[in-house]
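The values are calculated or read from the model by the stated rules, or taken from the named source; none is laboratory data. Values in this document were obtained by computation on a predicted structure and should not be read as measured data. Backbone-built Cβ (ideal geometry, glycine too); neighbour counts: all protein chains shown. Areas reflect the complete protein model, heavy atoms only, side chains present, ligands, DNA and RNA absent. Shrake-Rupley method; radii C 1.70, N 1.55, O 1.52, S 1.80 Å.
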Amino acid sequence: MAFISGRTVSTVPRSNGLQNTWRPQHGIVFNSLSNASTPRNLSKTTNASAEHDDIIAATLEVPEGIESKPAVQEAATAEEILPGVDVAEDPEQKELPKSTTAFRMSEDVFRAARNAEPGSSESYWSHTLYRGPADDVSGVASKVRVHYCKKKHTTEQVLQRHFMNKKVLGFDIEWKTDTHRLSGAKKNVSLVQLASEERIALFHIAMYAGDKTEDLVAPSLKRIMEDPAITKVGVAIKGDCTRLRNNLDIHAQGIFELSHLHKLVKCSASRDFNLINKKLVSLATQVEEHLHLPLFKGEVRGSDWSQPLVMDQIVYAASDSYAGIHLYDTLNLKRLALDPTPPLPYHAELNKPIRIAEGIEIPSEDENEAEEPEPPVSTRKQPKKLSPSYLAKASETLELDPEPEGSSDPGTAYVPPTKISTTYSTSRPRMQSKTTSHTTTKSPSPLTQTQHALLASATQLADSYRATHHQNRASPASLRCYFLWHQNPSLSLSGIAGMLRAVPLQHSTVTGYIADAVKFEGLPYEEERMREVLGGMKPDVAWWRYKKLSKECGLERKEEQQ
């Protein structure tokens, strides 16, 4: 085979006066040299480049396994499909997307999202919808865990433990808007996201200590990104990796542009082969088309990623990188179902054409990462922010830092004890003992590493909530107490009281904090656990202060029962 002007031609002599003409919308058909017809120009119905609107014809050898196919009905004209006019939804969009991954959406979870109020937080695609194999001890399905790392050494630990042996990873980065090449690495590559089926890692490089390249690049991150045997999948991934190269001296290999696979699968299935090109298709468009739920963007999309992340940003960043893993899996399933089956597109850094079959390439200009205009795939109006209850549920799998070596509790985030003193800023000051100096008192038991981690996580969630909900009415202490209670069902109320202050809080203070957060912010709760909270109050307090909440939990005043 030889290449002439970007096209593949055969060097094998022909016989019988026939050539195999590649006709974009018809597949391989056989025509005589004298009467080969010209395909209809489809420029009015597509965003493809002029090169793809012209005839793409080359003399080709028939690849093994490909048979000649009859012509199929041509694509609809521009008059048949008008821009902005709703087209009947593909029935496939209403079905649970196919998957080969261990972590996937259940039918019930998918239906609940499809049937949720359009535009509500629960109607969007997210990593929080996925569950994996049941835990051996609890028997509960595993959730996708999210690591949020703000230090280089914790980044290295997470990568070493959870990502080094993966063959395919979702990848994305975020940066501060309005940056330029002199803004520095921390603003040009503020956040790096990697995702496997079961875990998502957010490496907040903007928060690392130091400004030199060696201060910002964990060795394992560089090894993963530069390993061509580890496929990193994403949208506009070449542009992202250019930022890595220019700012962090990471020369990425093994990068895979999902837009190429999307175009290959979609246009091969419809036999509109001349529409296959390297123009980018947004992640949101691909998620809605192939995972059958819309992807939330909102105002967080343009937020400042060089500052500590709030919960909205964490959910956004985690879902973007995690979408890559499932898009790759679903799109590859669709590719394998095609007959004949086209090869996977090459890794993007190789700058090779997309192939529709072995030896048959679609010539295209070297991609400039231009993005196609998005079609009106969804008429849902997107809210600016996710709801408090949604963020609270999403926080349940957030790990602020990895556990130290030898920790007996690998499922719990580890935060160095020295950090805890800075995270107590939202609580009331500790009470001083009233005993005289000569009296011997028993000092409170110090918190364990696990308790430190749980408390730091609750504090982080409370601070994130307050940063994104400026009109909140619940106090900082109330929010922290609520998140500590909500995230950890195994903790007793008395245990929470002892964790929040060296001299334990009163039981009534803890129950009041929790109930206030739920009452004022509409945060989620389990009825049985909330009944325990309300039951720990004086009856009149529970009824008069939290009347609506008491009714929702099925509680009534004793005198009304009589």
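With every protein chain kept in the model, how would you rank TRP544, TRP175 by accessible area, 1.4 Å probe, largest at the top? Don't jump to the answer; show the numbers that get you there.
Numbers: TRP544 155, TRP175 80 Å².
Result, largest first: TRP544, TRP175.
Please state the shape class of segment 95-138: rounded when a/c is under 1.5, otherwise prolate if a/b exceeds b/c and oblate if not, all from the C-alpha gyration tensor.
Values: a/c = 2.60, a/b = 1.77, b/c = 1.47.
Prolate.
Based on the mean of other Cβ atoms within 10 Å per residue, sort peptides 139-146, 308-315 so the most packed one is first. Don't skip to the answer; put the middle values down first.
Details: 139-146: 16.4, 308-315: 23.1.
Answer by packing, highest mean first, reads 308-315, 139-146.
So how much accessible area does SER508 have, in Å² to the nearest 10, using a 1.4 Å probe?
Looks like 80 Å² after rounding.
Find the centroid of the Cα atoms in segment 321-360 and in segment 172-211, then give the distance between the two in whole Å.
28 Å
Could you tell me the distance between the Cα centroids of segment 119-165 and segment 503-533, to the nearest Å?
Measuring centre to centre over Cα atoms gives 27 Å.
Label 7 Å along Cα→Cβ of TYR346; segment 243-282 residues with amide nitrogen under 17 Å?
252-261, 264, 277-279
Which of LYS238/LYS279; LYS176/LYS385; LYS143/LYS519; LYS94/LYS334 have a Cα-Cα distance over 22 Å?
On the way: LYS238/LYS279 12 Å; LYS176/LYS385 19 Å; LYS143/LYS519 28 Å; LYS94/LYS334 16 Å.
Flagged as over cut-off: LYS143/LYS519.
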